[in-house]
Amino acid sequence: MIRPVLLALFALLAVTPAANAHRIKTKTLQIDHPWTGDMAEAKPPFDIVVQMVIRNTGKAADVLTGASSPHAERIELVHAATGSQKAVEIKAGARVELSTKSVYLRVFGFNKLIDTYDYFPMTLNFKRAGAVKIEVMVEDVAIDLPKLIN
C-alpha cells in the first residue's frame, strides 16, 4: 500500500516544474528560478542570457538597476524590442518576468564553463533592497542569443 503511494508521489514530483525551481527571498523581494541555457558548446569568453521572475512583496516599488558576477565582464539589462535599458521597476505587489520576450539580463564576456544543473553566483542591484546575491542555474536548454538593438 505504501509503495504505490510513494511511487505516485515521486512520479508527480518528476513532472512538476516547481520541483526544479529555486527561490531567493529578501524582506521585500522574491526571486524565482534564475536560470540560463546550456553552455556545453561555448568557448570562453561568451555571452549568455539570464532569465527569472522577480516579485515585490513589499509596500513600495523597487528598481532593478543592474547586476554583476565574478564570471562576467559586464551585465546589462536589455529590452527585446528597444535594446539597452537602464533599470526595471517592480511595483509593490507586482511581479516582473525577465525573459528574452521582454526585458532580460545579458551577460557579456562570461569566462567559465558551468556544467548543466550547476549554479554560478550573481548579484542583483536594487534601489531599495540593495545588493541581493543569487545563484543562477544552468538548464539543459538551448537559448538562441537575441540580436542586440542599438
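The values are calculated or read from the model by the stated rules, or taken from the named source; none is laboratory data. Every value quoted in this text rests on a predicted model; they were computed, and no experiment measured them. Here the Cβ is made from the backbone with ideal geometry for all residues, glycine too, and neighbour counts use every protein chain on show.
Here are the numbers for this structure:
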read-out	value
Condition met for Leu77 (more than 17 Å from Ile24 (Cβ to Cβ), within 13 Å of the chain's Cα centre (by Cα) and either surrounded by 13 or more Cβ atoms within 10 Å (Cβ to Cβ) or small (Gly, Ala, Ser) (or both))	yes
Selection within segment 22-58 - among the small types (Gly, Ala, Ser), surrounded by 13 or more Cβ atoms within 10 Å (Cβ to Cβ) and modelled with pLDDT under 95	Gly37, Ala42
For Pro44: the one exception among (1) under 20 Å from Gly130 (Cα atoms); (2) touching a Lys or Arg at 6+ places or on another chain (Cβ under 8 Å)	(1)
Count - residues of segment 55-86 that are part of a loop (DSSP other than H, G, I, E, B) and either under 20 Å from Pro121 (Cα atoms) or of a type in the set (Ser, Thr, Tyr) (or both)	7
Of all residues making up segment 87-126, the number that are aliphatic (A, V, I, L, M) and part of a loop (DSSP other than H, G, I, E, B)	5
Total residues in segment 127-146, condition in contact (Cβ under 8 Å) with a residue 60 or more places away in the chain, more than 28 Å from Lys59 (Cβ to Cβ) and either in a loop (DSSP other than H, G, I, E, B) or not aliphatic (A, V, I, L, M) (or both)	7
Answer residue from segment 100-144, given it is out of contact with any Leu (no Cβ under 7 Å at 6 or more places or on another chain) and of a type in the set (Gly, Ala, Ser) and is farthest from Glu89 (Cα to Cα) among those	Ala142
